[in-house]
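Contents: one structure, followed by commentary.
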Amino acid sequence: MSQVNEIKCPDCGAWNQSTGVVDAKCVSCGAYLEPERVAHAEEVKLAEARKGSYYLVINDNDETITQIFKIFINSVRWGAYYLVMLFFLIVAGALLIWGIVAI
């Protein structure tokens, strides 16, 4: 005996076959069948992408002081990056103003 899994669309109320895919859409209206799962999956993707940009990866099994140290080092790294970018923008702006005034 086979069971058919169906899920009700939260927008239009139509019943759709459940495929188990996170971003499954309703056949009738095209809305997400499980918007909470879609939102959660997007948050997980964003967190993973953010983790990839860390200089020192923060693990869940690290001690608290180690996690704080890694967060501090990552913050210092990004702060230095933005300071260098700011310096070059200031120099480029000064050269632009100097070039306009010199004409």
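Region 56-103 gives an Rg/Rh value of 1.42, both radii derived from C-alpha positions and Rh following Kirkwood.
Loop-only GluC sites (Glu not before Pro) in region 5-69, please: DSSP not H, G, I, E or B, and at most 15 other Cβ atoms within 10 Å.
Here the sparse-neighbourhood loop sites are Glu63.
Could you compute the FRET efficiency for Val101 and Trp78, with r as their C-beta to C-beta distance and R0 at 41 Å, rounded to 0.05? It comes out at approximately 0.75. Note on Lys45: aspartates and glutamates with a C-alpha under 15 Å away, same-chain residues under 8 apart excluded, are Asp23, Glu36. With θ taken as phi - 60° and the Karplus curve 6.51 cos²θ - 1.76 cosθ + 1.60 applied, the whole-hertz 3J(HN,Hα) list for region 13-28 is x, 6, 8, 10, 6, 7, 9, x, 6, 5, 9, 5, 10, 5, 6, 7 Hz, x standing for glycine and proline.
Using a Gaussian network model of the chain in which every pair of alpha carbons under 10 angstrom is joined by a spring, one finds that among Ala49, Ala80, Ala92 the greatest mean-square fluctuation is at Ala92.
Read-outs throughout are calculated quantities, based only on the coordinates presented, and are distinct from any laboratory measurement. Model, not experiment: these values are computed from the prediction. Cβ sites come from the backbone with ideal geometry, for glycine too, and all protein chains shown count toward neighbours.
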